[in-house]
Amino acid sequence: SNWTELDIWQYIEKERIDLPGIYYAHRREVVPRDGMLLARTRFLELRAGEESYEALVRFRTVGDATCTGCVESSAETPAAVVEEVAASRIT
């Protein structure tokens, strides 16, 4: 398929598809690492000099938290995600 993230969210909004809350912004303990934000889990050990903090984030994909980064976000609706993704310059 050649659908972009924006295409998918626009479709979700248009069709009023109900999604679980995990797809929207929520507070998580995160660790900045290698230019990404990673969710703090029991599988993610802090490296020397790293500090975790709580942030309002959204996962662009839902999967294994040990390898899926998150983005800072306040989007709680499909329309808000569409607006956020349309303005993003990082994919």
Residue check: is Gly49 at pLDDT 95 or above, on the phi > 0 side of the Ramachandran plot and not charged (D, E, K, R)?
yes
Among the residues of region 45-55, the number that are within 29 Å of Pro78 (Cβ to Cβ) and surrounded by 15 or more Cβ atoms within 10 Å (Cβ to Cβ) is 1
Counting only residues in region 10-28 that are surrounded by 12 or more Cβ atoms within 10 Å (Cβ to Cβ) and under 13 Å from the mean Cα position of the chain (by Cα), the one farthest from Glu84 (Cα to Cα) is identified as Arg28
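Counting residues that are among the aromatic types (Phe, Trp, Tyr), which strands (runs of 3 or more DSSP E) fully inside the chain reach at least 1? Quick ask: steps written out before the conclusion?
Numbers: elements: 26-33, 36-39, 53-59, 69-72.
Per the criteria, 53-59.
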So, first residue farther than 14 Å from Cys70 by Cβ in region 30-48, second residue of a type outside the set (A, V, I, L, M) and assigned to a loop (DSSP other than H, G, I, E, B), Cβ within less than 7 Å, six or more apart or across chains; the pairs are Phe43/Thr66; Leu46/Ser52
Counting only residues in region 52-91 that are more than 11 Å from Arg28 (Cβ to Cβ), touching a strand residue (DSSP E or B) at 6+ places or on another chain (Cβ under 7 Å) and not hydrophobic (A, V, I, L, M, F, W, C), the one modelled with the highest pLDDT is identified as Ser74
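The values are calculated or read from the model by the stated rules, or taken from the named source; none is laboratory data. The shown structure was predicted, so the numbers you read here are calculated from the model rather than taken from an experiment. Please note: Cβ atoms are built from the backbone with ideal geometry, for glycine as well, and neighbour counts cover all protein chains shown.
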